Amino acid sequence: MRYLPLTEADRRSMLEAIGVPSVDELFRDVPEAARLSGPIEGLSNHMGELEVDRALSAMAGKNLPAGSVPSFLGAGAYRHHIPATVDHLVQRGEFLTAYTPYQPEVSQGTLQVLFEFQTQVSLLTGMDVANASMYDGATACAEAVMMANRVTRRKKAVLSGGLHPHYRDTTTTDARFIGFETVVMPPAPTGGEDLLAEVDGDTSCVVVQNPDVFGHVRDYTELGRACQAKGALLIVVVTEAVSLGLLTPPGEMGADIVAAEGQSLGNALNFGGPYVGLFAVKEKLVRQMPGRLCGQTVDADGRRGFVLTLSTREQHIRREKATSNICTNSGLCALAFSIHLSLLGEEGFARLAELNHAKAVQLADKLAAVRGVEIVNGSFFNEFTVKLPKPAADVVEALAQRGILGGVPASRLFGGGLDDLLIVAATETNTESDMDAFATALAEVL
Amino acid sequence: MSMNNQGRPTGIQNSDSAVPETVTGNRGLQIEEPLIFEQDSAGRCGVDLPEVPAVGSRLGAVKPRGRIGLPGLAEPQVVRHYTRLSQKNYAIDSGLYPLGSCTMKHNPRLNEKMARLPGFADVHPLQPESTVQGALELMAELGRWLATLTGMAAVTLAPAAGAHGEMCGIMAIRSAHDAKGDKGRTKILVPESAHGTNPATAAACGYAVEAIPATEDGRVDLAALKAKLGPDVAGLMLTNPNTCGLFERDIITIAEAVHAAGAYFYCDGANFNAIVGRVRPADLGIDVMHINLHKTFSTPHGGGGPGSGPVVFAESLAPFVPVPYVVQDKDGAFRLVEQAGDGPAFGRMKAFHGQMGMFVRALAYMMSHGADGLRQVANDAVLNANYLLARLQDVMTPSFEGPCMHECLFDDRFLKGTGVTTLDIAKALIDEGFHPMTMYFPLVVHGALLIEPTETESKASLDQFVTALRALAERAKSGDVAYFQGAPRLTPRRRLDETAAARKPVLRWTPAVEPEKVAAE
């Protein structure tokens, strides 16, 4: 077995050093009735690289890679071009195969990356401080709500109908078990909603998304002010991090907490994970934050260095009194995010955002020209919703048969209802001919 | 001295071995690297993007974004920055990484290759099911392996990490009690030796936590447990093998007692790597258990994630899973159930379907080992740990009598009166070229040193580690406190001031002068 270095001779001499006749003797604390006498049945035995490669490649071959066809899916996961450098650097063994940086003297690489990542996320979101990442955007959103309840000592969260339904459901699941109330507004694909009407003296936070799940660009400045007046926090969710290159950052709109998905930078679609949750707050809330934080300090020789810090918030110290049970971040995905953003820099990031918007505008114009298609949005970044004369789920299936991945039916996200709505995204990866092919195919299937 | 015919010396001229002060602060291969923000040059960019087509803005009434403050670097600078940073990390690729309870084993590169196949990596989670049959098949197959290895009835792949899996398991337990209308159970029992995530998880699910003490031999105190079990207890969270590296001998009796009290038995499966292929958790009476794919099944730790924490359920809890899950229709087609609806599914753990990239890696690892190889994994992991225990027990102080499972636990009694601490031993090990063991965990012994070598270490590697650790133990006993307190000396940074970091936290870089002010001038 290629991953196991011990030889039979090694094993024999080691057993002798231990003073037992066989390895079975080392398992003597396992109740006899439960011990297995040989390999478990029903599973294959060991295989070489070639055989594993063949079997898994066959499975991979049954999927349609988004990049192999014109693809316009978004709704929380976006296909962007990732520079080759990103994946090369991420695969350096010193990053890939290191553990959490508990021993800072031999982890300065990971720690400096996290410090830079925290800075990048703070800058992008317009917030004071960011943590070293969460599992994904949805869990970041749920953690933000739990945090708001702790900070305000209130027990009710108001969730916008424009919040991605997976984020909504993740949040309501967590809230239900800990005994918090959630008020979930109905989806409002075409218009506004009166979130403030739901805010009362027991409301800890209002959760909104920008752009919202239907793609509308929102200004939450007024809402932020109103929340503040009522003692509730404003939580702004962002599922498309590239939008932060062009839109007013949540921090400038008065967000107290930002929970975002960072997949768009550096991370492949991966059928939904692993991704990287971004979590940023105002300075005064730092000590109530969940997740890991990296901080600057000095070493014994007075040189700048980095350590994990404020760990008294965390489970390994505080146990049941911790701010969260979270124990990992999404280290490698955060690294990929950071490298991609470093390559882009100020100019590249802004250009990428502009490019995405321009592509979406082009696509919207082409789709609007298809008979029966109506663009729902008054504003959008790189994603918008179209109203179709037929159920969107059927249209998407028919498009797939023509080799077009034509968006996400709203009904798939919301579990029924909104049957005629299709959420469509365009990024820098879409060419004009992709868009023409989409428009043509759409005209055919409608 | 020998010379070649260009006058270049070829022999060694000077044997002075003192480490010199250098002009740059660099030390050969160890290169000082500023923050990326300190390398900014406005207008520089590491990507070439096309011109933006001239179209009207449809952003609406929002005000356009001003300068963000991101640094500009060209691609070679970025490559060098991250390469240099990587060289400041210890990693399993560089050497023995015996962090107890963390399972730092070799990460095969085949798994990385498989996860990057476009058919897995470049697939959108919301593509029509007809275009992702292979991805769903992979999830089903991984689920089958996990269910078979554990003997369990159902699997969810949704949780993003071990602690997330714990949460999923406790939510299932709560849902099952709720379904029976049993609302009086407000407590979760957790042994003192448990990972911090266990009590934190129980609290996050709305439960009060009660600690169960350990016995002299490092196991759960059965009598104390039985005394706490009652109609107010929802479940027990137990790690097995436990965090002392010991198998809970009484586990079947524990399970029976828990069930007799109407509670459920949650097993923290963080240490499943010790017993995979040797015993099935279902046969021990466990109702629900999470599995850390990044531990037992070797998906890379990546400097702290991403992990993946699938959960397996016995028949009793099988209906209470989160969405989404994969089902197979009669015609063989795979389908995703994504909405909880009115069924018993208790909700959703995260966006989309779980850590697919980790599923591919874990399945590649399982298939590579096979049923026979996985059993050997457990055998070798346990053999390696017991070998270390045997070779170190005369100079260090084992906390409990062996055999141990995949890790061996020592406490700091062997350092008593020396002035040297567990932390000092760890730091001195770094200078010897090893990553330290887990320190000060579990909390049930004083000054814990928890060593987990894993099955992917050779005997030569273990022997070198033993030699170093024995020498350090002897050195500590000889009273050379100054040597330890100054360690490490050979690392990119020496001991870091954690107190200062926490007292006045600096959590991000800030420019010396705010960019807006620069623009205004």
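The values are calculated or read from the model by the stated rules, or taken from the named source; none is laboratory data. Since the model is a prediction, treat every value here as computed from it, not as a measurement. Don't worry about glycine lacking a Cβ; one is built from the backbone with ideal geometry, like all the others, and counts go over all protein chains shown.
Only residues that are surrounded by fewer than 19 Cβ atoms within 10 Å (Cβ to Cβ) and on the phi > 0 side of the Ramachandran plot were counted in region A:400-429, giving 4. Right, residue A:286: at the interface with chain B (Cβ under 8 Å from one of its Cβ atoms), under 27 Å from residue B:91 (Cβ atoms) and in contact (Cβ under 8 Å) with a residue 60 or more places away in the chain or not? The answer is no for residue A:286. Checking each residue in region B:220-279 for being of a type in the set (S, T, N, Q) and farther than 30 Å from residue A:42 by Cα picks out only B:243.
How many residues does region B:442-494 contain that are among the basic types (Lys, Arg) and buried (at least 22 other Cβ atoms within 10 Å of the Cβ)? Full working, then the answer.
At the first step, the residues of region B:442-494 found to be among the basic types (Lys, Arg) are B:459, B:470, B:475, B:477, B:489, B:493-494.
Now narrow it down to the ones that are buried (at least 22 other Cβ atoms within 10 Å of the Cβ): B:493.
Residues flagged as among the basic types (Lys, Arg) and buried (at least 22 other Cβ atoms within 10 Å of the Cβ) within region B:442-494 amount to 1.
If you go through region B:104-127 one residue at a time, do you hit one that is in a loop (DSSP other than H, G, I, E, B), more than 8 Å from chain A (Cβ to nearest Cβ), of a type in the set (A, V, I, L, M) and farther than 30 Å from residue A:290 by Cβ? No: region B:104-127 contains no residue that is in a loop (DSSP other than H, G, I, E, B), more than 8 Å from chain A (Cβ to nearest Cβ), of a type in the set (A, V, I, L, M) and farther than 30 Å from residue A:290 by Cβ. Of the candidates B:218, B:196, the single residue that is touching a Cys at 6+ places or on another chain (Cβ under 6 Å) and either modelled with pLDDT of 95 or more or in the same structural domain as residue B:348 (by TED's automatic domain parsing) (or both) is B:218.
Taken together, B:147, B:135, B:158 contain a single residue that is buried (at least 24 other Cβ atoms within 10 Å of the Cβ) and either modelled with pLDDT under 95 or more than 7 Å from chain A (Cβ to nearest Cβ) (or both), which is B:158.
The sole residue among A:432, A:397, A:346, A:374 that is acidic (Asp, Glu) and crowded, with 18+ Cβ neighbours inside 10 Å is A:346.
Of everything listed in (1) farther than 20 Å from residue A:160 by Cα; (2) touching a strand residue (DSSP E or B) at 6+ places or on another chain (Cβ under 8 Å), the single unmet condition for residue A:422 is (1).
Note on region A:362-405: residues that are under 28 Å from the mean Cα position of the chain (by Cα), of a type in the set (Val, Ile, Thr) and away from every other protein chain (no Cβ under 11 Å) amount to 3. Among residues of region B:18-48 being of a type in the set (A, V, I, L, M, F, W, C) and surrounded by 10 or more Cβ atoms within 10 Å (Cβ to Cβ), the one that is farthest from the other protein chains (Cβ to nearest Cβ) is B:31.
Selection of first residues in region A:110-138 that are more than 7 Å from chain B (Cβ to nearest Cβ) and of second residues that are assigned to a loop (DSSP other than H, G, I, E, B) and among the aliphatic types (A, V, I, L, M), restricted to Cβ pairs under 6 Å at least 6 apart or on distinct chains, gives the following pairs, ordered by first then second residue: A:114/A:132; A:131/A:289; A:131/A:293; A:133/A:276. Of all residues in region B:223-254, those satisfying the criterion of being buried (at least 20 other Cβ atoms within 10 Å of the Cβ) and assigned to a helix (DSSP H, G or I) are B:225, B:251, B:254.
For the condition surrounded by fewer than 21 Cβ atoms within 10 Å (Cβ to Cβ), on the phi > 0 side of the Ramachandran plot, at the interface with another protein chain (Cβ under 7 Å from one of its Cβ atoms) and part of a loop (DSSP other than H, G, I, E, B), residue A:42 qualifies.
Apart from one condition, residue B:205 fits all of (1) under 30 Å from residue A:398 (Cβ atoms); (2) at the interface with chain A (Cβ under 7 Å from one of its Cβ atoms); (3) touching a residue at least 24 places away in the same chain (Cβ under 8 Å); the exception is (1). In this structure, does residue B:386 turn out to be assigned to a helix (DSSP H, G or I), among the polar types (S, T, N, Q), at the interface with chain A (Cβ under 7 Å from one of its Cβ atoms) and surrounded by fewer than 24 Cβ atoms within 10 Å (Cβ to Cβ)? The answer is no for residue B:386.
Of all residues in region B:70-95, those satisfying the criterion of being touching a helix residue (DSSP H, G or I) at 6+ places or on another chain (Cβ under 7 Å), over 21 Å from residue A:344 (Cβ atoms) and surrounded by 23 or more Cβ atoms within 10 Å (Cβ to Cβ) are B:88, B:89, B:90, B:91. One residue stands out among those in region B:163-197 that are in a loop (DSSP other than H, G, I, E, B) and surrounded by 20 or more Cβ atoms within 10 Å (Cβ to Cβ): the one that is nearest to the other protein chains (Cβ to nearest Cβ), which is B:196.
Among the residues of region B:286-303, the one identified as within 9 Å of chain A (Cβ to nearest Cβ) and in contact with a strand residue (DSSP E or B) (Cβ under 9 Å, 6 or more places away or on another chain) is B:303. When each of B:351, B:345 is tested for being facing chain A (nearest Cβ under 7 Å), of a type in the set (A, V, I, L, M) and assigned to a loop (DSSP other than H, G, I, E, B), the lone residue that passes is B:351. The set of residues in region A:238-267 that are buried (at least 24 other Cβ atoms within 10 Å of the Cβ), acidic (Asp, Glu) and within 12 Å of chain B (Cβ to nearest Cβ) contains only A:261. Any residue in region B:372-382 that is touching a Gly at 6+ places or on another chain (Cβ under 6 Å) and either in a loop (DSSP other than H, G, I, E, B) or among the polar types (S, T, N, Q) (or both)? No: zero hits.
Can you name every residue in region B:312-323 that is in a strand (DSSP E or B) and within 15 Å of residue B:344 (Cβ to Cβ)?
So in region B:312-323, the residues in a strand (DSSP E or B) come out as B:312-313, B:323.
Of everything in region B:312-323, those that are in a strand (DSSP E or B) and within 15 Å of residue B:344 (Cβ to Cβ) turn out to be B:313, B:323.
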